[in-house]
1. Of the heavy-atom accessible surface of the stretch 577-641 (probe 1.4 angstrom), what whole percent is carbon and sulfur?
2. Using Cα pairs under 8 angstrom and six or more residues apart, how large is the relative contact order of the chain, in percent?
3. In whole Å, what are the Cα extents of the stretch 482-540 along the three principal axes, biggest one first?
4. Considering the chain, which cysteines have no disulfide-compatible partner, defined as another cysteine with its Cβ under 4.7 Å away?
5. Please compute the alpha carbon radius of gyration of the stretch 313-373, then divide it by the globular-protein estimate 2.2 N^0.38 Å. Two decimals is fine.
6. What is the distance, in nm, between label points placed 7 Å from the Cα along the Cα-to-Cβ direction at residue 669 and at residue 270?
7. Under 18 Å Cα to Cα from residue 90, which aspartates and glutamates show up? Leave out anything in the same chain fewer than 8 places away.
8. Write down the percent of antiparallel bridges among all DSSP beta bridges whose residues are both part of the chain, to the nearest 5.
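The values are calculated or read from the model by the stated rules, or taken from the named source; none is laboratory data. Quick caveat: nothing in here was measured; it's all calculated off a predicted structure. Methodologically, a virtual Cβ is constructed for each residue, glycine included, from the backbone with ideal geometry; neighbour enumeration extends over all protein chains shown. To get the accessible areas, we keep the full protein, side chains included, count just its heavy atoms, and leave off ligands, DNA and RNA. Shrake-Rupley method; radii C 1.70, N 1.55, O 1.52, S 1.80 Å.
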Amino acid sequence: MASKVKPQEQTEVSEAQIAVHWKEEGLYPPSEKFKAQANMRDPHILEKFGLDKFPDCFREYADMLTWFEPYRTVLDTSDAPFWKWFVGGKINASYNCVDRHLAKYGDKAAFIFVPEPEGEADVVIKYQELHTRVNEVAALLRGVGLKTGDRVTFHMPMVPELPITMLACARLGIIHSQVFGGFSGQACGSRIQDSGSRVLITMDSYWRNGTLVDHKANADIAVRTAKELGQDVDRVLVWQRYPGKYSAKTPMVPGRDAFVNDLLKDYKGKKVEPVALPSEGPLFLMYSSGTTGKPKGAQHSIAGYLAYVTATSRWILDIHPEDVYWCMADIGWITGHSYIVYGPLANAGTSVLYEGVPTFPDAGRPWRIAERLGVNIFHTAPTAIRMLRKLGPQEPRKHKYQFKSMTTVGEPIEPEAWRWYYDEVGKREAVITDTWWLTETGGFLCTTVPALHPMKPGSCGPGAPGIHPVIYDETGAEVPKGSGKAGNICIRNPWPGIMQTIWGDRDRYIKTYFAKYNKNPKSKDWRDWPFMCGDGALQAADGYYRILGRIDDVINVAGHRLGTKELESACLTVPEIAEAAVVPVQDELKGRVPEVYVAVKPGVAPSQDVIDRVIKAIEDVIGKIARPKRVYIVPDMPKTRSGKIMRRVLAAISNRRDVGDVTTLANPDVVEQIRTLVQGKDIVATREELPEDIAKFGEVE
Ligand code: WTA
């Protein structure tokens, strides 16, 4: 009797707990129907991209692009590890995504914009119209004095004006830096400063969950923040969500702010020749969180990046020009740059752009859109899958769409959620690719090639063609496949999509991604420079990788990377706070969410007001996406004798786990006080193992 589990106890085990004990899962083969039409059907593709064929194998990717001048060298390693791809070539990303399709696909939709309000009509932008609009905006950008090499920051929502402005920049070699629209004005301002942008492009408002948000207000905060940090912004260009009408309450600043729609009147019908730019010119910056409080600007190249996202969109997402493809991500993140804009368009695809939240006004929305537009390729993140499953498990059945292929990205997906995606959303016909990659990598690192490899729930698969992962332990020894042991996943070789550097910080680039496993800092041989991704992973005997999550101090909330140090410094902007520590907590829907521990300064009484102001500070400095689940005011932080905060102990408490041996701490008693505060008097902790990313949390310091 004692060993028997009562039925209700069984059902109480959360999915997150099950996830820790993922077993080896069964395999799902792709359907014959999918295989018959797939872009990549060569069973020898991985061998063709073997390390013995490196780097020349990637010529095939470069051949998918149209060049103004051919490149001379595939890979230049002379400034290792700052790789240069396709050196000597001249190219333009805007030309490759727009102009070259006009003859054949001019009359076909490039984007279909779906506004959040369901009564508002879709906006179809055909390649011909896209060409016209990109040219006009490029002329405008030139008109305001921008030129090749300048940086421009965008703080735009999910509207067609965002890719149009990106492509206009790309036409002239202006480096765009889009800051996710949901980030706060302050977060935008610090990124403006880091990139040295003198122009900010934004939109007055946008729809989110049924509300028309006043977004222009953020631009004023952003400009003020940038100025405080030493960067002047001369111009703020404001798109109007409803052209001709101002939908924000915040006044325009004379001399600085202008409506793009007004300025465009002077550029009607203007044409701007796409500039022939060097392959290794920068295309854009994408800021991302890391171990320190300062976000880093991943700098991506024109040719290498574009070749990589073009090829992976074709082979992995299986985009054909005739398909209707919908990636339900935000262009403010790398997924949107690579797989809503550049990759699909370089393939003459039709890319759906949805303004709002997937569950607005209800969990049937995505499937209504899919049915109405005839979407046949669908791409989203585990958080959205979990949410749609929870709110409307039967909804997909009610709609007559049929996907041929689906993608999941951004977080590990639990086998349970995977199976719902497969059975219900994909109706057991669509293939699934679980694509693991990072902002820094430009495109997919590990994924199945959908027509060739069977799927395995919870595993992303082998390396993508030409990507050769390896798992190292702390000493730099290789962790063999099938050993059941986890380690740091690295990529042995460079690939065209890899970032070029961290904007303005070469040292940090080397330190973050290479220093740990590089044995010879002077080496010009790529073999000496494995790229450390920052994730824990293990490799099954069949070669498939399973990603366990970040091993640096980054919390992956609903697929968004948040640096704990950034959250902690936001807390410290509240004058009463003496110390702050942020830890990840398992969450059924979002994967991980932050919980915050703060200690107040002497003489300050703990109060709800202090807690509210900590939450507000986080929302102001970073944005609502970083809102913590709970904030605890503690008497002191658990610390080592050298004074280091033991975040690992706090993470164990927050996740209802046993804290282990704390007797070596400087203040072991405080641990029990904090435990009681968080968990209550009774011992509720389980000895259940924590997921790798949480168990190791706080080790990198
Ligand atoms: C996580 C998003 C498991 C991982 C493209 C990585 C994933 C971080 C997956 C990068 C996946 C991304 N399975 N984990 N399929 N895809 N991740 O820079 O921890 O926003 O390091 O890029 O997301 O997040 P980023």
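1. Carbon and sulfur together cover 51 percent of it.
2. Worked out over the chain, it gives 13 percent.
3. Here the Cα extents, ordered largest to smallest, are 39, 22, 21 Å.
4. 57, 97, 169, 188, 327, 490, 533, 571, each lacking another Cys Cβ under 4.7 Å.
5. The value comes to 1.14.
6. With each label point 7 Å from Cα toward Cβ, the separation is 7.2 nm.
7. Once the sequence-local aspartates and glutamates are set aside, what remains near residue 90 is 60, 63, 69, 76, 99, 273, 280.
8. Around 60 percent antiparallel, to the nearest 5.
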